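Presented below is the structure to which this report refers.
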Amino acid sequence: MAAWELLKDQNFRLDGRKPTELRRIETRLGVFPNADGSAYLEQGNTKVLATVYGPHEVKGGRGRSNPDKAVINCQFSKSAFSSSERKTHMKFGRNSSETNQHLVQALNAAVMSHLYARCQIDVYVEIVQSDGSDFCACLNASTLALIDAGIALKDIVTCCSATIVDEKSVVDVNYVEESSGSAVLIVGLLPKDEQIAYMQMKGRLHADHLEKLLDCAVEGCRNINNILKERIGEHLKTHSSHFTLTRPATPGRAERSRPAIA
Amino acid sequence: MKETPLSNCERNFILKAIENKERLDGRQSYDYRRIKLEFGIDRGCCTVELGETIVMAKVSCEVGQPKQTRPTEGFLYINVEFSPMAEAHFEPGKQTEQANEMARVLERCLRDSRAVDLESLCIMAGAKVWKLRVDIKILNYDGNTIDASALCSIAALSHFRRPDITVSGEEVTIHSVDEKDPIPLSIHHLPLCVTIAFFHQGTYCLTDPISREEKVMDGKMIIGMNKHREICTLQMTGNMLLNKEQVLRCTNIATVKIVELNDVLQNALSADEEARSSGKPYGTYVADFRKVTVKAAESPTHSMSEIEEEARSMQLDSDRMEESEEEVVENVVKNSWLLRIKESKANEAQKVKDTICSEIDEFLTTQREMSDLQQQSIVNNSSKNNGAKGQDQDAKTDTKRKRNQNRPKKKPDTQSTAKGESLDSATSQTKKSKGKRKGK
């Protein structure tokens, strides 16, 4: 495979970004009318759809329900046309079941699940187009969808990846950088307290470099958090008719659409 | 059958004990249990006992077709099975989340960190490669299966020998063990995993948790690392929140523990090799490391700060060594990596310089010879002149050939491995090039 020059001499990356620059983030909330909450997120060329159903009664047997808190169920899938090579991704394969688990782990840290005892919250995520940092985009999109569904969160959990190119840490990794073989660190962060809710690294990295890479990823998470907050604010301004001061906050949109009883 | 939950009473007891820096089996917070490695009669079979946890790994290989996108790479597939004999609640033949996650972590640790050289598994580019498969079976479950199976699988992979092959044209012959000696895999470094469990929202942490401690813990951090302090994988699982300092503290603990585990692994491998070469216990050899753990238990408390100091001193030692070579750089702690690359580049430059010098020398001598011959030819007759030219041409082609021979040496792989310990890297590289040539 031809080796790409990932960082040019002027410190520009292949797609023209600076090392600490994020890709363009586009968001839309409430894209599906049937779901309780939904979001669409673009991080550069990585495009993700997320929908949230619930909180509702636990499906599939009573045994799964938890008397103390909500059960979060994530279903990740990747469309056949999402990457350059057309292939059907196994829905119940190893990789997607691992991703599901990790999404649940990160969302569990953010959702105030003790408010939804004996309930289930379903999060469905679909990658429409993939260009690196897939997991990050999925987690960011599902957070937005949870917010759209009106589910109580401790904080907006944001996720960002980082890698090392020519001794420099580089944030928000795209596909080419991801497949170059150097170590990629993914961090899911609760930005308010700077607490790490999810962390994964693959590839090989000397332990001395970890701090630098971690700082870079955390900084990326904070920046994404700021952008998302801004977008959520904009969305609320334009759709503020849904949110009147008199009505108490209801968990799902299904209930919200019902005529309010005075 | 469902897993039996811990009673609240027991849960509180364990947590209370951990708060007092005590553990159920009398270990210190960062001690490992007794480790025992046992190799099977077959090559590539290994059993690891980590306290009560028993894990078995078996490596097997077959010839298959490579991926179209990576025509010269072999495969390494890791399969984990929690057998029902390990604990009653494991169901047979079911891919549980736990097994799934373990297999993925191990794959990242062994394959994605390029510990096993997959390119050396190529038989014929685009047509035939070796497919390696590591089957891990949990025989008895008492917590920390990841560390045990990482140790087990890398031991089994280093112990494994694949059958030798000869390629003639399109035909590949696989030789049996009697015909030709089987070949070891080329393994660049030995990554091992250390699991650190967290309790009380990350205030207390332990290495090598037993199953009852695992039931109580908030979450765990799995760190895959080799003895060069290179992190090969990092995974945080469970419902807990950590901050940056805690993560870095984990890597410091892992650094110390990896050195211990690495010694265990290498001792076991050499002990097995010895036993096999002496010929008397052909087959199983038990490498018992009870002494190691006993010593650790006798030594006074392995407190957090002590381990961190050990890690720091290791760090400083490695830095000091490089400082003596090049004292100009001030902040060696951060630039140790850079230095290593620089050093290798300097060596490279020296090599290139040497070859150029020798080439110039050769050229000068041939020129001198040529001029001598020309003078002779002027003195004598013109018929000899042609012969001298012929000789000169021969000399030139000779130097060219030498240059070509030198070329691959000029660019050693600076990025891929820093001073990799590579068990058989030298032999494997020649094998690799052979394989490619055959492929073409």
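Just a few scattered comments:
- The condition of being over 20 Å from A:ARG24 (Cα atoms), surrounded by fewer than 24 Cβ atoms within 10 Å (Cβ to Cβ) and either within 12 Å of chain B (Cβ to nearest Cβ) or in contact with a Leu (Cβ under 8 Å, 6 or more places away or on another chain) (or both) holds for only one of A:LEU146, A:LEU153, that being A:LEU153.
- Test: A:SER169 is more than 10 Å from chain B (Cβ to nearest Cβ), more than 17 Å from the chain's Cα centre (by Cα) and open to solvent by 20 Å² or more (accessible area, probe 1.4 Å): yes
- Selected residue [in contact (Cβ under 8 Å) with a residue 60 or more places away in the chain, surrounded by 20 or more Cβ atoms within 10 Å (Cβ to Cβ), over 30 Å from B:THR72 (Cα atoms) and not aliphatic (A, V, I, L, M)] from A:GLY44, A:GLY30: A:GLY44
- Residue among B:ASP142, B:ASP135, B:ASP147 that is part of a loop (DSSP other than H, G, I, E, B) and in contact with an Asp or Glu (Cβ under 8 Å, 6 or more places away or on another chain): B:ASP142
- Only listed residue being more than 10 Å from chain A (Cβ to nearest Cβ), within 22 Å of the chain's Cα centre (by Cα) and assigned to a loop (DSSP other than H, G, I, E, B), chosen from B:LYS257, B:LYS227: B:LYS227
- Cross-chain or 6+ apart pairs with Cβ under 9 Å, segment B:204-230 first and without any contact (Cβ under 8 Å) to a residue 24 or more places away in the chain, then part of a helix (DSSP H, G or I): B:GLY219/A:GLN105
- Condition met for B:THR233 (in contact with a strand residue (DSSP E or B) (Cβ under 7 Å, 6 or more places away or on another chain), facing chain A (nearest Cβ under 10 Å) and assigned to a helix (DSSP H, G or I)): no
- Criterion (of a type in the set (A, V, I, L, M, F, W, C), open to solvent by less than 70 Å² (accessible area, probe 1.4 Å), under 25 Å from B:VAL256 (Cα atoms) and more than 8 Å from every other protein chain (Cβ to nearest Cβ)) met by exactly one of A:ILE224, A:ILE186: A:ILE186
- B:VAL80 being under 25 Å from the mean Cα position of the chain (by Cα), closer than 23 Å to A:PHE92 by Cβ, β-branched (Val, Ile, Thr) and open to solvent by less than 10 Å² (accessible area, probe 1.4 Å): yes
- Taken together, the residues in segment B:132-153 that are open to solvent by 20 Å² or more (accessible area, probe 1.4 Å) and either over 18 Å from B:VAL59 (Cα atoms) or in contact with a Pro (Cβ under 9 Å, 6 or more places away or on another chain) (or both) amount to 3.
- Within segment B:84-99, restricting attention to residues that are under 31 Å from the mean Cα position of the chain (by Cα) and within 14 Å of chain A (Cβ to nearest Cβ), the residue that is least open to solvent (accessible area, probe 1.4 Å) is B:ALA99.
- B:MET221 meets the stated requirement of being within 30 Å of B:LEU24 (Cα to Cα), within 14 Å of another protein chain (Cβ to nearest Cβ) and in contact with a helix residue (DSSP H, G or I) (Cβ under 6 Å, 6 or more places away or on another chain).
- Residues of segment A:195-219 that are open to solvent by 20 Å² or more (accessible area, probe 1.4 Å), facing chain B (nearest Cβ under 7 Å) and farther than 19 Å from A:ASN108 by Cα: A:LYS202, A:ARG204, A:ASP208, A:GLU211.
- Test: residue in segment A:76-95 that is closer than 25 Å to B:LYS2 by Cβ, touching a residue at least 12 places away in the same chain (Cβ under 8 Å) and not in a loop (DSSP other than H, G, I, E, B): no
- Whether a residue is open to solvent by 30 Å² or more (accessible area, probe 1.4 Å) and either away from chain B (no Cβ under 13 Å) or over 27 Å from B:GLU97 (Cα atoms) (or both) was assessed, and A:LYS78 passes this test.
- If you filter segment A:81-95 down to residues that are open to solvent by 100 Å² or more (accessible area, probe 1.4 Å) and more than 14 Å from every other protein chain (Cβ to nearest Cβ), you find that the one that is farthest from the chain's Cα centre (by Cα) is A:THR88.
- Scanning segment B:61-77 for residues that are of a type in the set (Ser, Thr, Tyr) and within 23 Å of the chain's Cα centre (by Cα) yields B:THR72, B:TYR77.
- Evaluation of B:GLN68 against (1) surrounded by fewer than 19 Cβ atoms within 10 Å (Cβ to Cβ); (2) more than 10 Å from every other protein chain (Cβ to nearest Cβ); (3) out of contact with any Leu (no Cβ under 6 Å at 6 or more places or on another chain) (one fails), failing number: (2)
- Answer residue from segment B:232-249, given it is open to solvent by less than 20 Å² (accessible area, probe 1.4 Å) and out of contact with any Lys or Arg (no Cβ under 7 Å at 6 or more places or on another chain) and is nearest to B:ASN12 (Cα to Cα) among those: B:MET240
- Single residue of segment B:26-55 satisfying the filter (exposed (fewer than 15 other Cβ atoms within 10 Å of the Cβ) and within 29 Å of B:GLU308 (Cα to Cα)) that is modelled with the highest pLDDT: B:GLU52
- Note on segment B:128-147: residues that are farther than 14 Å from B:ARG111 by Cβ, of a type in the set (Lys, Arg) and within 22 Å of the chain's Cα centre (by Cα) total 1.
The values are calculated or read from the model by the stated rules, or taken from the named source; none is laboratory data. Just so it is clear, the structure is predicted and the values come from calculations on it, not from any experiment. Reconstructed Cβ throughout: ideal geometry from the backbone, glycine too, with neighbour counts over all protein chains shown. Remember, those area values only see protein heavy atoms, side chains included, never the ligands or the DNA or RNA. Shrake-Rupley method; radii C 1.70, N 1.55, O 1.52, S 1.80 Å.
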